[in-house]
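Trainee: Here it is: the structure, laid out below.
The values are calculated or read from the model by the stated rules, or taken from the named source; none is laboratory data. In this text, all values refer to a predicted model and were calculated from it rather than measured experimentally. Counting neighbours? That spans all protein chains shown, and the Cβs are built from the backbone with ideal geometry, glycine included.
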């Protein structure tokens, strides 16, 4: 073994300089980062149900999008907000946006501005072409902003949105917004999608879903996801997206690859690379043992 | 503009409804003249939104009692909810809790509770105030407090107040009975340890302990370092001296230093925390003294690096690659840097022994190091290395405690299965 | 004097803090808070010892021209630079604007942050090389480790996710939780046992000997 | 260069990019660039903590309280100053007093707290873990059914028995301990596999940062004339990776244990 020239193929694999591992991984990560491609991330059932529910909406119907996260959960949750918002705008589904997390309104506003820009351009999703169109505040969406005491706010919106949001984020009377015209409470919207990185999600489940029978779907950070699966089983929520992976699954369903897919394509290839190295190591291990009659 | 009613209740009380709207928009008009025209146009539409015009039933039975097991700045308010709304009554969204130092007020709003779907359920609010007199949420101790609960609705003009509660006082307690289970466990374990310390004193070191590969490796590793003429790197981790894992690591460091001094090789200890650094210096120096070579000890063997996680790692990595220690020992608290250190050590070809009680890092040590002390094994290591009867005695107490836990767990599972929930409850510490 | 009194102090303060845990009374909690303040203040004073060690080790390196002694200048420059830029006195027009100052902010944002995050990201490479080196089916235990890791890693892969995702979720939530709980309980007992040994003065390597 | 960014800021960003690459270079081998980054970060971070602890803690926790007349804070002040006796060889033993108090406080604090969070709470959770319902409710792999909770209980008790020190792992006892260590290993493997994603994300973030720097330097792809710059950038990347690979092939036969 100590003599280099005596080394067989398998031994050399066993003793492969780990810098090859580093180099290959670096090349894979950098190249997949720059090469545009679509990784077929298979969608799980709980993400598919959300997509189907929104896809099934008619023009003019409305949903409530709750953006309840702070900048620290941005990487995982922003992609979800983006893809769902764009899907709604394209389908001319009205979006009512609330943000019950203290630093949430900034996140929400950023998402709105970006999606308004991108919807101005024509695009084709899942074979359907959408012309670019101008998204108008108050017509296509309403941004209600932040209010304290989120439990009461969520309960209050079951009575009337105006209870706590008599004016929207831009200080405009809710009653003057065309999109809010026939919208009093949860009865007038089709569903609530809560994208949350905090305990606001508990209030949505407890006070909106349980109390007013609101159709509720969740988008959560990776670490939170496991804790909320039981609600899926009990039917309290109809769909659930977890972390970057859930976001990427949704982007794929929506045929709108964005930040999550960008991350996931690198992830998939990096994971594949590591697994490939593990397989090579095991081939080397068994090969060199077989040769020595072990 | 269609005037479609949203709920059947909308049909009632049209006159009253308009009156309320008049009031609401009266405020709006005065505050923003620009919007007035728009708002007038919206009145029809807006007027569909609030239908019930009667205040809800009042909540009742407000009782207040001292919150148990605290310093005396909290009370617990219990009340029954408003009855289900009769025709025309507004639905209750939640309840606001008001406190006063006198029956007649003034009232201060201290918090709010959302209403429950089941209106027959009583609601509980814990009014936990501050202990600082100057702070806004100060709740005086041993003073009569009065409480009142207000049922609030979607319309801020429609609410109803409960009767004022009987006075109650917040009182501090001498003993936290909620922590009784913890107290009994600590007491039991202390007695168990003391008992086995006595036994160990009488019986000497005849107590059996199973071998731990990671511990046996320490001696071998020191021998290897001597043969190779290379130092040993001892990393105490990112813990402070207040982490028991670090304290356990000091004991092992002491033994390693002594062995190292006997074998006439070197130990390098880069430190992250300044107190850990001072203690480590003392420990290593003592080890050298015990080995009879006090003059071989140099102060720069044990040095402080920096208190920033990744800067510390950068420096230790450099040390590993440049000094090429024969053995790296990582014992203590470790976080994300665990794998960085262990892989760099593997690159340098060092034998590596690790041990931590940080669960998240154990997988990485197990994968990347030659030997890993998992969780409790780290705490047992000092007894293993020293073989002092007293330390072994404590180990025996740990084993018996584990046996008790296993028995209690099985018993608890069976009891809760049979419906005796009180059994498991008895182990629950509150607060 | 050199050893008995410190051991007595550990004993007294140990039992005192232990007792305070069970006494919610306001005075007791004040004492509790005070003590915690003490530990952090002692830590701050100790930092001076640490910084002194950092300075002397580096000066010593330069003086004796030890290996890589030139780089010690960089460390000393960074140390004193950061301290000077972080000083705050002399009001609004002074050069010393503390943590708000231009240099302090840039040292933090453009030296510390990039190196910290890059060190952290080295883990991506090390996790790969560790997997390559260690995940070989040498024994039953190594195989279990390997299988657990692979199933979880391919949980979201195209084509296989349908089967691997539920298995991975199960492993993460069932055996993984069992393992964690056992380690927790063991660690808990280990900490309490070690703590008792410290308070009782049996484990006292940290004290040194004279 | 992006006109929006000031030259000074751009230079700082370039320096940050340089330090990023210098730190990465450590993966290939120890080298002067890494040494620069390493020594710089040690010094700067230590200085940073001096400032933070002085203005953040010492001032608020001690100085201001003393000014406030809370004389009880003289005690930690004295204890802190006693730590400095370590500067003298003769008086160094005095520093044991504050250390003893520090350790005493920490230990007395840890004992009940750890007993509660790590022992009694876990024990209690285990007691109520088992749902006495259908064993395979919702399928074999549903981790909320009775089967799963049974496995959790058995697994954690077996793993706890693995930690038994004073009894030989033989016979039935050894069998249970084996189940225990298997549980531990399966859990470790799963945690390892689960962490990969987060670690790759960290790397992606650094790649993003470097890309940001490239865009700031040469302008984004939409800008005119930036195409050729991007090509140069890709060429440089390919060149670096190629050189590294070439060097690895050239030095083949030598394992990385004998590098530098």
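Trainee: Please count how many residues of region D:179-206 are crowded, with 22+ Cβ neighbours inside 10 Å and within 20 Å of residue C:181 (Cα to Cα).
Mentor: 12
Trainee: Say we look at region B:316-332 and pick out the residues that are within 11 Å of chain C (Cβ to nearest Cβ) and free of Cβ contacts under 8 Å to residues at least 60 places away in the same chain; which of these is nearest to the chain's Cα centre (by Cα)?
Mentor: That would be B:317.
Trainee: Right, here's the next one. Could you tell me whether residue B:162 is in contact (Cβ under 8 Å) with a residue 60 or more places away in the chain and either farther than 27 Å from residue B:70 by Cα or in contact with a strand residue (DSSP E or B) (Cβ under 9 Å, 6 or more places away or on another chain) (or both)?
Mentor: It is true that residue B:162 is in contact (Cβ under 8 Å) with a residue 60 or more places away in the chain and either farther than 27 Å from residue B:70 by Cα or in contact with a strand residue (DSSP E or B) (Cβ under 9 Å, 6 or more places away or on another chain) (or both).
Trainee: Right, something else. Output the residues belonging to region D:155-178 that are crowded, with 17+ Cβ neighbours inside 10 Å and part of a helix (DSSP H, G or I).
Mentor: Across region D:155-178, the qualifying residues are D:155, D:156, D:157, D:158, D:159, D:160, D:161, D:162, D:176, D:177.
Trainee: Tally up the residues in region D:14-25 that are buried (at least 16 other Cβ atoms within 10 Å of the Cβ) and either touching a strand residue (DSSP E or B) at 6+ places or on another chain (Cβ under 6 Å) or within 7 Å of another protein chain (Cβ to nearest Cβ) (or both), please.
Mentor: Qualifying residue count, region D:14-25: 5.
Trainee: Only one of B:426, B:403, B:360, B:380 is over 25 Å from residue B:268 (Cα atoms), within 10 Å of chain D (Cβ to nearest Cβ) and in contact (Cβ under 8 Å) with a residue 60 or more places away in the chain; which?
Mentor: Going through B:426, B:403, B:360, B:380 in turn, just one is over 25 Å from residue B:268 (Cα atoms), within 10 Å of chain D (Cβ to nearest Cβ) and in contact (Cβ under 8 Å) with a residue 60 or more places away in the chain: B:426.
Trainee: Can you spot a residue in region A:114-133 that is buried (at least 23 other Cβ atoms within 10 Å of the Cβ), touching a strand residue (DSSP E or B) at 6+ places or on another chain (Cβ under 6 Å) and either away from every other protein chain (no Cβ under 14 Å) or in contact (Cβ under 8 Å) with a residue 60 or more places away in the chain (or both)?
Mentor: No.
Trainee: Could you grab the pairs with beta carbons closer than 6 Å, sequence gap of 6+ or different chains, first residue in region B:106-120 and more than 9 Å from every other protein chain (Cβ to nearest Cβ), second one surrounded by fewer than 16 Cβ atoms within 10 Å (Cβ to Cβ) and not in a strand (DSSP E or B)?
Mentor: From residues that are more than 9 Å from every other protein chain (Cβ to nearest Cβ), the pairs are B:119/B:84.
Trainee: Then there's this: Exactly one of (1) touching a helix residue (DSSP H, G or I) at 6+ places or on another chain (Cβ under 9 Å); (2) in a helix (DSSP H, G or I); (3) more than 7 Å from chain C (Cβ to nearest Cβ) is unmet by residue D:96. Its number?
Mentor: (3)
Trainee: Mind checking whether some residue in region B:161-177 is within 14 Å of chain D (Cβ to nearest Cβ), in contact with a helix residue (DSSP H, G or I) (Cβ under 9 Å, 6 or more places away or on another chain), within 30 Å of residue D:177 (Cα to Cα) and surrounded by 13 or more Cβ atoms within 10 Å (Cβ to Cβ)?
Mentor: Scanning region B:161-177, I find no residue that is within 14 Å of chain D (Cβ to nearest Cβ), in contact with a helix residue (DSSP H, G or I) (Cβ under 9 Å, 6 or more places away or on another chain), within 30 Å of residue D:177 (Cα to Cα) and surrounded by 13 or more Cβ atoms within 10 Å (Cβ to Cβ), so the answer is no.
Trainee: Here is a follow-up. Please indicate, with yes or no, whether at least one residue in region C:28-51 is surrounded by fewer than 21 Cβ atoms within 10 Å (Cβ to Cβ), at pLDDT 95 or above and more than 8 Å from chain D (Cβ to nearest Cβ).
Mentor: Within region C:28-51 (the criterion being surrounded by fewer than 21 Cβ atoms within 10 Å (Cβ to Cβ), at pLDDT 95 or above and more than 8 Å from chain D (Cβ to nearest Cβ)), the answer is no, since none of the residues qualifies.
Trainee: Here's another thing I want to ask about it. Say whether the condition of being surrounded by fewer than 23 Cβ atoms within 10 Å (Cβ to Cβ), closer than 18 Å to residue A:63 by Cβ and out of contact with any helix residue (DSSP H, G or I) (no Cβ under 7 Å at 6 or more places or on another chain) is met by at least one residue in region A:230-245.
Mentor: no
Trainee: Residue check, residue B:313 against (1) farther than 13 Å from residue B:268 by Cα; (2) more than 10 Å from every other protein chain (Cβ to nearest Cβ), all met but one. Which one?
Mentor: For residue B:313, the exception is condition (2).
Trainee: Of all residues in region C:12-21, which are in contact with a helix residue (DSSP H, G or I) (Cβ under 6 Å, 6 or more places away or on another chain) and facing chain D (nearest Cβ under 7 Å)?
Mentor: Selection gives C:13, C:14, C:17, C:18, C:21.
Trainee: Continuing with this model, one more query. What number goes with the only condition from (1) part of a loop (DSSP other than H, G, I, E, B); (2) facing another protein chain (nearest Cβ under 7 Å) that residue D:188 does not pass?
Mentor: (1)
Trainee: Then there is this: Might you let me know whether region C:83-90 holds any residue that is out of contact with any strand residue (DSSP E or B) (no Cβ under 9 Å at 6 or more places or on another chain), closer than 29 Å to residue B:239 by Cβ and either assigned to a helix (DSSP H, G or I) or more than 7 Å from chain D (Cβ to nearest Cβ) (or both)?
Mentor: yes
Trainee: Which of (1) more than 11 Å from chain D (Cβ to nearest Cβ); (2) under 30 Å from residue B:227 (Cα atoms); (3) over 30 Å from the mean Cα position of the chain (by Cα); (4) assigned to a helix (DSSP H, G or I) does residue B:341 not meet, given it meets every other one?
Mentor: (3)
Trainee: Here's another thing I want to ask about it. Suppose the filter is crowded, with 20+ Cβ neighbours inside 10 Å and on the phi > 0 side of the Ramachandran plot; does residue B:88 pass it?
Mentor: So residue B:88 fails the test.
Trainee: Of the residues in region B:248-307, how many are assigned to a loop (DSSP other than H, G, I, E, B) and in contact with a helix residue (DSSP H, G or I) (Cβ under 6 Å, 6 or more places away or on another chain)?
Mentor: The total comes to 9.
Trainee: Quick test of your reading of the structure: residue C:142 fulfils all but one of (1) surrounded by fewer than 19 Cβ atoms within 10 Å (Cβ to Cβ); (2) at the interface with another protein chain (Cβ under 7 Å from one of its Cβ atoms); (3) in a helix (DSSP H, G or I). Name the failing condition by number.
Mentor: The single condition residue C:142 does not satisfy is (2).
Trainee: Picking from B:215, B:209, which residue would you name as being within 13 Å of chain D (Cβ to nearest Cβ), part of a helix (DSSP H, G or I), in contact (Cβ under 8 Å) with a residue 60 or more places away in the chain and farther than 23 Å from residue C:209 by Cα?
Mentor: So the residue among B:215, B:209 that is within 13 Å of chain D (Cβ to nearest Cβ), part of a helix (DSSP H, G or I), in contact (Cβ under 8 Å) with a residue 60 or more places away in the chain and farther than 23 Å from residue C:209 by Cα is B:215.
Trainee: Could you check, for region A:186-198, whether at least one of its residues is within 11 Å of chain B (Cβ to nearest Cβ) and either without any contact (Cβ under 8 Å) to a residue 40 or more places away in the chain or not in a helix (DSSP H, G or I) (or both)?
Mentor: The answer is yes; a qualifying residue exists.
Trainee: What's the total number of residues in region C:28-69 that are closer than 16 Å to residue B:301 by Cβ, over 23 Å from the mean Cα position of the chain (by Cα) and in contact (Cβ under 8 Å) with a residue 12 or more places away in the chain?
Mentor: Total meeting the criteria: 1.
Trainee: Moving on to the next point. Quick test for you: out of D:207, D:238, pick the one residue that is over 30 Å from residue D:6 (Cβ atoms), facing another protein chain (nearest Cβ under 10 Å), assigned to a helix (DSSP H, G or I) and free of Cβ contacts under 8 Å to residues at least 24 places away in the same chain.
Mentor: Just a single option satisfies the conditions, and that option is D:238.
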